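To keep things clear, I will list the structure first and then write my remarks on it.
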Amino acid sequence: MSMQVLKSTPSTMDAARENLLQGRVSFDNAGCSEPQGVITWDQTAGRGQSGRTWHSLPGESLCATYYFRHGMASPPNAGPIALLAGVAVAEALQRRISQEGPDAPVLGLKWPNDVLLNGRKVAGILIEMLKAPDDAWTALIGVGVNLTVRAFPPEIAAQATSLLLEGVPSASWQELGQEIANALHRQAELYAQAGFTAVLDRWRVYDRTQGLRYQAEQDGAIVRGIAESVEESGALRLRLEDGGVLTVRAVSSITEV
């Protein structure tokens, strides 16, 4: 299995979607795909959660989208797949960070889709669900990792970081892209053998969500609350300003504030 490598593309997510709809991606009985995904040196119109722009200059970031089935791809599973993907990205990065010894930067995960390094965002994950020509649902897992970025736009400079800025030796974007593909496969195997609870246990090792403030939509109104926990379903439990509790499952309906 291998990644499709592009020198430049507006969006790996768009390229992967086109490949899937045109029947250029094949899956075996275990849900593994060929190619495993699309990766590029230069993504000119990348996007993140809620339509935000993903800041990336050529060669400074990993920009990839992976095809994912593994028996769990369906719209109701978009949230759990996002957490599974977060674990895969975190553990691929942890293998490199662990080489730095006791003074290594601290890796974390923030619900639903941010990977943190020393408390700042180093990677993001975007999930789209799509039905392929064979009538099977496929998750497109978009991953962006800041590798050698030295500076960010002023509006995100305080919240973002890169492996370079945190002193972590960076792999090439091709090498790390393949490592994440392998990590996604390992997490899919864990899910198949032990269920989502086992994946969630791994996610909680990195969890930095508790105490963060979020706003969400509830019955057409915007409500605000503090994250208390991530439940067994993978949903976020919020304690609202009025003392009530809201369980948030839809990633698209919530933002950190």
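The values are calculated or read from the model by the stated rules, or taken from the named source; none is laboratory data. Since this is a predicted model, take the numbers as computed values, not measurements. Note that each Cβ is placed from the backbone with ideal geometry, even for glycine, and that neighbours are counted across all protein chains shown.
Residues are listed down the side, and each one gets a yes or a no for (1) among the small types (G, A, S); (2) modelled with pLDDT under 95; (3) over 27 Å from Q94 (Cα atoms):
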position	(1), (2), (3)
R186	no, no, no
D201	no, no, no
R224	no, yes, yes
G244	yes, yes, yes
**OP:** Run F152 past the list (1) surrounded by fewer than 17 Cβ atoms within 10 Å (Cβ to Cβ); (2) farther than 19 Å from E91 by Cβ; (3) touching a residue at least 60 places away in the same chain (Cβ under 8 Å); (4) not hydroxyl-bearing (S, T, Y) and report the number of the one that doesn't hold.
**Re:** (1)
**OP:** Name the one entry in L140, L147, L126 that is of a type in the set (A, V, I, L, M, F, W, C), at pLDDT 90 or above and out of contact with any Asp or Glu (no Cβ under 8 Å at 6 or more places or on another chain).
**Re:** L126
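Within segment 82-190, considering only strands (runs of 3 or more DSSP E) that don't extend past its boundaries, which have at least 2 residues that are assigned by TED's automatic domain parsing to the domain that holds N19 and more than 12 Å from the chain's Cα centre (by Cα)? Break it down into steps so the answer makes sense when it comes.
Values: elements: 107-110, 114-117, 120-131, 137-146.
So the answer is 107-110, 120-131, 137-146.
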**OP:** Could you tell me which of the residues A92, A104, A158 is surrounded by fewer than 22 Cβ atoms within 10 Å (Cβ to Cβ), among the small types (G, A, S) and in contact with a helix residue (DSSP H, G or I) (Cβ under 7 Å, 6 or more places away or on another chain)?
**Re:** A104
Subject >> Matching option when the condition is surrounded by fewer than 20 Cβ atoms within 10 Å (Cβ to Cβ), on the phi < 0 side of the Ramachandran plot and in contact (Cβ under 8 Å) with a residue 60 or more places away in the chain, among P112, P133 >> reply: P133
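Among the candidates L164, L126, L117, L184, which residue alone is buried (at least 22 other Cβ atoms within 10 Å of the Cβ) and over 30 Å from S26 (Cα atoms)?
Values: L164 fails: buried (at least 22 other Cβ atoms within 10 Å of the Cβ); L126 fails: over 30 Å from S26 (Cα atoms); L184 fails: over 30 Å from S26 (Cα atoms).
Going through L164, L126, L117, L184 in turn, the sole match is L117.
Surrounded by fewer than 21 Cβ atoms within 10 Å (Cβ to Cβ), among the aliphatic types (A, V, I, L, M), in contact (Cβ under 8 Å) with a residue 24 or more places away in the chain and closer than 21 Å to E60 by Cβ, is that true of I97?
yes
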**OP:** Test each condition in (1) under 20 Å from S98 (Cβ atoms); (2) in contact (Cβ under 8 Å) with a residue 24 or more places away in the chain; (3) over 15 Å from the mean Cα position of the chain (by Cα) for D207 and report the one that comes out false.
**Re:** (3)
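For segment 69-80, give me the residue count where each residue is at pLDDT below 95 and in contact with a strand residue (DSSP E or B) (Cβ under 6 Å, 6 or more places away or on another chain). It would help to see each step written out before you state the result.
Residues of segment 69-80 at pLDDT below 95: 70-80.
From what is left, the residues that are in contact with a strand residue (DSSP E or B) (Cβ under 6 Å, 6 or more places away or on another chain) are 73-75, 78.
Within segment 69-80, residues that are at pLDDT below 95 and in contact with a strand residue (DSSP E or B) (Cβ under 6 Å, 6 or more places away or on another chain) number 4.
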**OP:** Say whether the condition of being acidic (D, E), free of Cβ contacts under 8 Å to residues at least 12 places away in the same chain and part of a helix (DSSP H, G or I) is met by at least one residue in segment 219-226.
**Re:** no
